[in-house]
Structures are given as C-alpha cells and as structure tokens.
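Taking it in order: structure first as structure tokens, then the write-up.
The values are calculated or read from the model by the stated rules, or taken from the named source; none is laboratory data. Keep in mind that what you see is a predicted model, and the values were worked out from it rather than measured. All Cβ positions, even for glycine, are placed from backbone atoms using ideal geometry, and neighbour counts span all protein chains on display. In case anyone asks, the SASA skips ligands and DNA or RNA and just uses the protein heavy atoms, side chains included. Shrake-Rupley method; radii C 1.70, N 1.55, O 1.52, S 1.80 Å.
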Amino acid sequence: MTKTVNHWIGGKTVEGTSGQYGPVTDPATGQVTTQVALASVEEVDAAVAAAKAAYATWGTSSLAQRTTVLFRYRALLDAHRDDIAALITAEHGKVHSDALGEVARGLEIVELACGITTQLKGELSTQVSSRVDVSSIRQSLGVVAGITPFNFPAMVPMWMFPLAIACGNTFVLKPSEKDPSAANLLAQLASEAGLPDGVLNVLHGDKVAVDGLLNHPDVAAVSFVGSTPIARYIHATASANGKRVQALGGAKNHMLVLPDADLDAAADAAVSAAYGSAGERCMAISAVVAVGAIGDELVAKIRERAEKITIGPGNDPASEMGPLITAAHRDKVASYVTGAAAQGAEVVLDGTGHTVEGFEDGHWIGLSLLDKVSTDSDAYQDEIFGPVLCVLRVETYEDGVALMNASPFGNGTAIFTRDGGAARRFQLEVEAGMVGVNVPIPVPVGYHSFGGWKDSLFGDHHIYGNDGVHFYTRGKVVTTRWPDPADAPAGVDLGFPRNH
C-alpha cells in the first residue's frame, strides 16, 4: 500500500479530504513510493484558521518563551540530522552528504532565531522636546505563509519559519509536492520541542493551495523561493491583495575567471558549483566566463575533473551526484545539451545518455560541458537547473562584466583572480545580489541576508538575516509626553517637592 503524506495542522496530522493526491517518486528508481494529499480551498482555510487562533497567544508571548522553544528545537534538529537527510535523499535524490549540508545550512537560521532577542531591540530618543520621548519598536505581522521549492525541501523552509515564529508570527508552510516528507518531520520536531499547536502548520498542495494562500485575507505576508515566472506571479498576486511579499526567483550565475587565476582552484570550484546537487540549485554556477587565452586550459581542467564524478543513488556512500527530481525534468535538461551544437556550442561532454546499472529507470543524466557558447543560445538564456555548464569566451575583464550585467538575472556571481584590485572593482561593478571572490557559491551565513537583483528577486526584502527580521515584523513609532510628577494636581501626593 502506498504511503500517504498528509497535512500537519493545529499540532497534529490531518488527513486530506479533497480526494486529490500527487505522486512522490524515488528519483533513483523512478518508482512512485508515496502519495501526497493536495489541499482544497477549505483545507487552506482550516490551516490559516489554526494559525490565526494560535497567533492570539503566540503573538503576545514573551521572547523568553519563544527562544526557550527554539533552543530545544535546535537540539532536536541536530539529533535528527540523518533522519531529515534520509527523507531528502529518498524524495529529492541528492546524495546523503549533500542532504546533510542542506540541514546544516538550515540550522544556521534556527540558531539566528535563538538569538532573536537582540534583533528585536527597539530604539529610544529622550527629550526630543520638553518632556517628550520617541521610541521605535517592531511587532509581529500575524499569520504568514511560505511557499518553498523542491530542490531544498528542508533548508529553504528553515530559512523562513524559524525567524517568522521567533518574531511572534504564526506560519503556514506550503512545501513542494514533489518531496513533501521533510517538511512534516520539521513540524513534528517543532511540536516535540514545545511549539504550541497551530504556530507552525504544513499544508500540502498544488496551485489551488498556493492561490488560496495568496488570496486569503488573514495571511499578512508571503515568502517564496522558486523560478522567476512563478516568483513574478506570486509577487503580483499577493501584492495586489495587500500582502507583504519576498519572492526569490531563478538565476543564471556566472563565474568570471581572469588570466591570473589559479586555474586548478577555478576548475575545482566550477565542477563543484556547477554539478553539485545535480545542478538543481539557484546558486549553481551555470556559466563560466573565461578571459583571454586561458579558455582552452580551463576547459580541459574542468573536463578532467568532471569525468571523474561518480553518479549513483543518493543513499550510496560512493555517489557524488544523484539523479534529477523527475523524468520530465531530466528530459528537459537533456534537450538543452542535444540542441547546443546546432546553436554554435562545442559539446565537450554530453551526459544525456547516462544510466546507472541496476537503476535503469531512475532519472539519470550525466555531466555536460558546453564550450564557446553564444549569449543568444537557449543553453545560455534559460535557467537549465541541471548539471550543464556553459563556458563563454571574452577578451577582457570589461567584456566579461558587460556580458554578465546584460543577463536579466542577478542572483549570485563569482570572480577568480589573484589581483585584489580586480576583485574590488568586480564586487562594486557586477550587478548581482551575492558576490564571491575566489568563492564559487557565495551563499551568505545566517546573520547576513540572501537575495538577488533584477529578475532574481521580487519584493524589497532579502531572506533571513536582518532583512528577514524586518520582513517578518513591522515598525511602530511611539511619541510620549508625561507631566512632571511635581506638577500633580492638588491633593495628590507623590512625594515630590512642589518648589522645583
């Protein structure tokens, strides 16, 4: 009998009532292992109602109460790292070490939330006028929602709800229906840590659930991570309904390699950043821009390393890269490689025919390397979201930066060089939200914020860090005037002399 993943609402498992279910596949075998309940509009209403009811007390709870729960939660997550990672591998396909890394990066934000007390401190100006003080405070919003992607089924939710609930909000999480189980375990562990019922709810579903949250009058804010077309839709729809929105979209991240760079280090970085997690991450390097005469040597070094990567099931310790999430996505990724030569690229490595013995029905694709790619080709223009690396050639640093800045995306970028002056110019001149200097995947640590520019972000706030705290709270300014106690009305003795 197929296992069913149901909703988590009001602190307990709630069976789906819509009669609609989605398949959850083991990408390594191609077999449907689970079905996930897809919410109806009525179930969206029930999840939001549970969160709204919980907000009545959680929204006025003390910081000490919130952080006590979060410290216990952090300990439980740490103890269950392997369990969470195993669910990620089973449903997403990424190798176990990569899944563990995902959990670790999510834990960073839980730790940030544990220290929320300092982040929520207000400001005070005294005596701005005679006996007038002005203070600024930050207060929670109410019910907030998170809509998260398949590629990081634990990390991205953990980038959202720990900060949101630490700030005093309650949360409805709508994870990807392709790999839903990790989200339920995260919620169950939060309940075990003492989080009151209804503070964190997990609602599974498809577009019905998404639109239900975007249009619900009791949802105050929406966080989203996913593709650019959906991010644009989320932002437009939720904003039109008066909601606060942070919608992180797609990417085409470039790595500029200057002639003075350590080419071995650059090749190592390119391989790990392009092919790690099978390229299914918005911070993957998908375009290497080689400056000057180093292109041939750099491509040779990348090829040498890429050919040694072991592809196999994520639960096999020998595997360095797993399958793609679905067969349809595998076929779409492959189409960019098969069409690259016709659009002028040199196909150095073609991974489209790769299979794994004993797992022939899995969603397998090998590593592909495309050289001398033109900027008007589909492989360059589109976010492929798979293990395909494009190499572009330019003559100068200025040509490279101009090429990169012409991209509609501006998520992350990197430069490899030994020249500090060149690196300094690059970090100021490149149009992207996150920059790495000899660091291929510049995902900020938890106490800085993550987010891109241009078509990689819709909304004003980046995710987690200070921006995350500001997104999940709203400011209030209080101006106060109190009379001097010595001026109390006659007959009221406050113990103050009257001759002041």
Determine which member of the set ASP296, ASP262 is over 21 Å from GLY366 (Cβ atoms) and without any contact (Cβ under 8 Å) to a residue 60 or more places away in the chain. ASP296
Can you tell which of SER374, SER407 is of a type in the set (S, T, N, Q), within 25 Å of the chain's Cα centre (by Cα) and in a loop (DSSP other than H, G, I, E, B)? SER407
Within the range 13-25, take every residue that is open to solvent by 40 Å² or more (accessible area, probe 1.4 Å) and within 26 Å of the chain's Cα centre (by Cα) and give me the one that is farthest from ALA54 (Cα to Cα). PRO23
Assuming VAL469 fulfils every condition listed in (1) outside any helix (DSSP H, G or I); (2) open to solvent by less than 20 Å² (accessible area, probe 1.4 Å); (3) within 23 Å of LEU107 (Cα to Cα) apart from one, which condition is it? (1)
Go through the residues of the range 130-144 one by one and say whether even a single one is under 21 Å from MET283 (Cβ atoms) and touching a residue at least 24 places away in the same chain (Cβ under 8 Å). no
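Condition check ((1) among the hydrophobic types (A, V, I, L, M, F, W, C); (2) over 18 Å from PRO27 (Cβ atoms); (3) in contact with a strand residue (DSSP E or B) (Cβ under 7 Å, 6 or more places away or on another chain)) across all residues:
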| site | (1), (2), (3) |
| --- | --- |
| LYS301 | no, yes, no |
| GLU304 | no, yes, no |
| LYS308 | no, yes, no |
| GLY314 | no, no, no |
| ALA318 | yes, no, no |
| MET321 | yes, no, yes |
| HIS329 | no, no, no |
| ALA340 | yes, yes, yes |
| GLN343 | no, yes, no |
Within the range 26-45, work out how many residues are in contact with a Gly (Cβ under 8 Å, 6 or more places away or on another chain), outside any loop (DSSP other than H, G, I, E, B) and either at pLDDT below 95 or surrounded by fewer than 23 Cβ atoms within 10 Å (Cβ to Cβ) (or both). 3
Residue count, the range 346-368, condition crowded, with 19+ Cβ neighbours inside 10 Å and at positive phi, comes to 0
Show me the helices (runs of 4 or more DSSP H) found entirely inside the range 152-237 where at least 1 residues are β-branched (Val, Ile, Thr), buried (at least 23 other Cβ atoms within 10 Å of the Cβ) and under 16 Å from the mean Cα position of the chain (by Cα). 155-166
Positions within the range 369-380 being open to solvent by less than 70 Å² (accessible area, probe 1.4 Å) and over 20 Å from PHE409 (Cβ atoms), in sequence order: LEU369, ASP371
Any residue that is open to solvent by less than 10 Å² (accessible area, probe 1.4 Å), in a strand (DSSP E or B), modelled with pLDDT of 95 or more and closer than 21 Å to ALA39 by Cβ - is there at least one of those in the range 246-264? yes
Can GLN65 be described as at positive phi and either assigned to a helix (DSSP H, G or I) or open to solvent by 50 Å² or more (accessible area, probe 1.4 Å) (or both)? no
Tally of residues being over 15 Å from ASP361 (Cβ atoms), outside any helix (DSSP H, G or I) and β-branched (Val, Ile, Thr) across the range 321-347: 1
Residues to consider are VAL401, VAL437; find the one that is open to solvent by less than 70 Å² (accessible area, probe 1.4 Å) and either closer than 26 Å to GLY351 by Cα or in contact (Cβ under 8 Å) with a residue 60 or more places away in the chain (or both). VAL401
How many residues does the range 428-466 hold that are out of contact with any Ser or Thr (no Cβ under 9 Å at 6 or more places or on another chain) and assigned to a helix (DSSP H, G or I)? 2
Considering every residue within the range 47-61, establish whether at least one is among the hydroxyl-bearing types (Ser, Thr, Tyr), open to solvent by 20 Å² or more (accessible area, probe 1.4 Å) and part of a helix (DSSP H, G or I). yes
Tell me, please, whether a residue that is open to solvent by less than 10 Å² (accessible area, probe 1.4 Å) and either in a strand (DSSP E or B) or under 30 Å from GLY19 (Cβ atoms) (or both) can be found in the range 272-281. no
Among the residues of the range 284-327, what is the count of those that are within 23 Å of the chain's Cα centre (by Cα) and surrounded by fewer than 23 Cβ atoms within 10 Å (Cβ to Cβ)? 2
Within the range 381-398, take every residue that is in contact with a Gly (Cβ under 8 Å, 6 or more places away or on another chain) and open to solvent by 20 Å² or more (accessible area, probe 1.4 Å) and give me the one that is farthest from SER335 (Cα to Cα). THR396
As an exercise: evaluate ASP83 against (1) open to solvent by 10 Å² or more (accessible area, probe 1.4 Å); (2) out of contact with any helix residue (DSSP H, G or I) (no Cβ under 8 Å at 6 or more places or on another chain); (3) under 15 Å from ALA190 (Cβ atoms); (4) not polar (S, T, N, Q) and give the number of the one condition it does not meet. (2)
Selection count where residues are touching a Gly at 6+ places or on another chain (Cβ under 8 Å) and closer than 13 Å to VAL469 by Cβ, scope the range 154-174: 6
How many residues does the range 132-151 contain that are assigned to a loop (DSSP other than H, G, I, E, B) and either on the phi < 0 side of the Ramachandran plot or at pLDDT below 95 (or both)? 5
